[in-house]
Every structure is written in structure tokens, then in C-alpha cells.
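The values are calculated or read from the model by the stated rules, or taken from the named source; none is laboratory data. What you see is a predicted model; the values in this text were computed from it and never measured. Every residue, glycine among them, receives a Cβ derived from its backbone with ideal geometry; neighbour counts consider all protein chains shown. Side chains are part of the model used for accessible areas, which takes the heavy atoms of the whole protein and leaves out ligands, DNA and RNA. Shrake-Rupley method; radii C 1.70, N 1.55, O 1.52, S 1.80 Å.
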Amino acid sequence: MAILAIDTCESYCSSAVLLASGEMFSSADAIGRGHAEHLIPQLEGLMEQAGISYADITRVAVTTGPGTFTGLRIGLSVARGIALAQNIPCVGLTALSVLAAQAQQEKPGRVYSVMKGRGGQVFLQAFVDLEADGLPKMLGEPMNIDEPDALQMIEDNPGRVVGSGAALLELSTEHDHVDPAILARIAQNVNPKIYPPEPTYYRQADAAKAKRLIPIGDS
């Protein structure tokens, strides 16, 4: 068994390979742009380190947003393509939830996942503690709100802040990007039928939540 995890939502191009033994191989490169050219060599380099091939992968995990349109689509396309070619399940998790899980694994409590948006806005969602499957418990739905409103919300109900949006709010954080190793570990416990690899949008001006384009394994 081997789980392959991919995150290309923002400026980082990240991936990880989790073996059945528990051994983890991961890479996170802050490249800004060029995910399409960077991702496949990164994946194949990790698989070479782990001593596996595509045929050994039994599940794929990918972040579904929010993020840049191009980066998000690249990660989803590669993840879906591998899952389809190998006839294996693919899990899709929001970057907001994975970021919160990273913080929750260190210390329980209220966490705000905040990611960069556009036009002076951020994507924000509050979480607390961890569920049995390794995902953080949601305290509300994700929002796309103005930066001052996000800061006020955090000041009214204090908690730790994670994600790329922390810098925009002039707040400190120990987790400004998705850790693909955490994504891989969560993916081994969740149901792909409940968490499919579909892009998630939180801006009304953008596309609505996309429907699955290609059938892939769900087991």
C-alpha cells in the first residue's frame, strides 16, 4: 500500500508518499508559478526515493481549494489522472481543513484557517479539535470575507491562525502552507465517496462547485 498526496492550491508545489510501513517521503517547494512543469518530476522523484512505481499506489489525495485557478486545476487533473489510470480511489480535502489539522495535531483548541483571496479578501474557516478520522471539527462554514472583518472575527473569539492569509492580517503563524504529509495521513482514514476530488470555490463570482467529470475508483 502507498498513498500519494498532492497540493498545488497556492504558491507551493507539494507532494508526499506514505508507505504501508508508515515511512513518509515528502517535498514542498515554494515555486510561485510553474506547477505544471514541476509537479510530475517532484512526484516521480519521491517515488524513486520510496522505491515504488505508479503501480504500487493504492490511493491518491489532493487538496480541492481554495486557491489559484490554474494551480488548483493542475493538482486535481494529475491526481484524477493517476487514480483513473490505476483504477484506485482519490480523496479530495480542502486546504483549509488540512491546515487546521496541522495545528490541531500539535495542540487542540480553536484554530482559524485563513488563506489569501483577491481584492482585499481572505478565505476563512474556524475549527476545533480533531475528529476520529483526523479531520478537524468545523465551527462554521468557510467564508470569503474582507480582511478587516476576518481580523475582527478572530479578535472577538481568539484562536491560533494558520495559512497564507495570516500575513495579510499581520498575524503570526507556524503553518503558512499545506503539509502534504498531513494530507496523506488523513487520506488513509476518510471515505472517498464523502470527500471526492472536486474543486471547491467560495467566491460567488467564480464557478459553482464543479461536478465530477471523470468516474474514478471509490473503494
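Points to keep in mind about this one:
- Cα-only radius of gyration and Dmax that characterise region 62-178, units Å: 14.8, 48
- Cα gyration tensor category, rounded, prolate or oblate, for region 25-99 with a/c compared to 1.5: oblate
- C-alpha center-to-center spacing [region 27-104, region 1-23] in angstrom: 6 Å
- Other-chain or far-sequence residues with amide H under 5 Å of VAL91's (modelled H): VAL60, ALA61, VAL62
- Of the DSSP H helices in the chain, those whose Cα atoms cover at least 18 Å axially and whose Kyte score averages -0.5 or more: 35-50, 69-86
- Shape analysis of the chain yields a ratio of the Cα radius of gyration to the Kirkwood radius, Rg/Rh, of 0.95.
- Label-point separation, GLU106 to ILE40 (7 Å along Cα→Cβ), nm: 3.6 nm
- Local electrostatic count at GLN102 - Lys and Arg +1, Asp and Glu -1, tallied over other residues with Cβ under 13 Å: -2
- Pairwise FRET efficiency - GLU170 versus LYS193, Cβ, R0 = 45 Å, nearest 0.05: 0.65
- For region 148-199, the spread of Cα positions along each principal axis, largest first, Å: 36, 20, 20
- Solvent-accessible area assigned to carbon and sulfur over the chain amounts to 50 percent, based on a 1.4 Å probe.
- Cα-based equivalent ellipsoid of region 17-60: semi-axis lengths in Å, sorted from largest, via gyration tensor: 21, 11, 9
- For region 77-193, a simple Cβ point-charge model (Lys and Arg +1, Asp and Glu -1, everything else neutral) yields a dipole of about 540 debye relative to the Cα centre.
- About its Cα centre, the chain has a charge dipole of approximately 640 debye under the convention of +1 per Lys or Arg Cβ and -1 per Asp or Glu Cβ, with nothing else charged.
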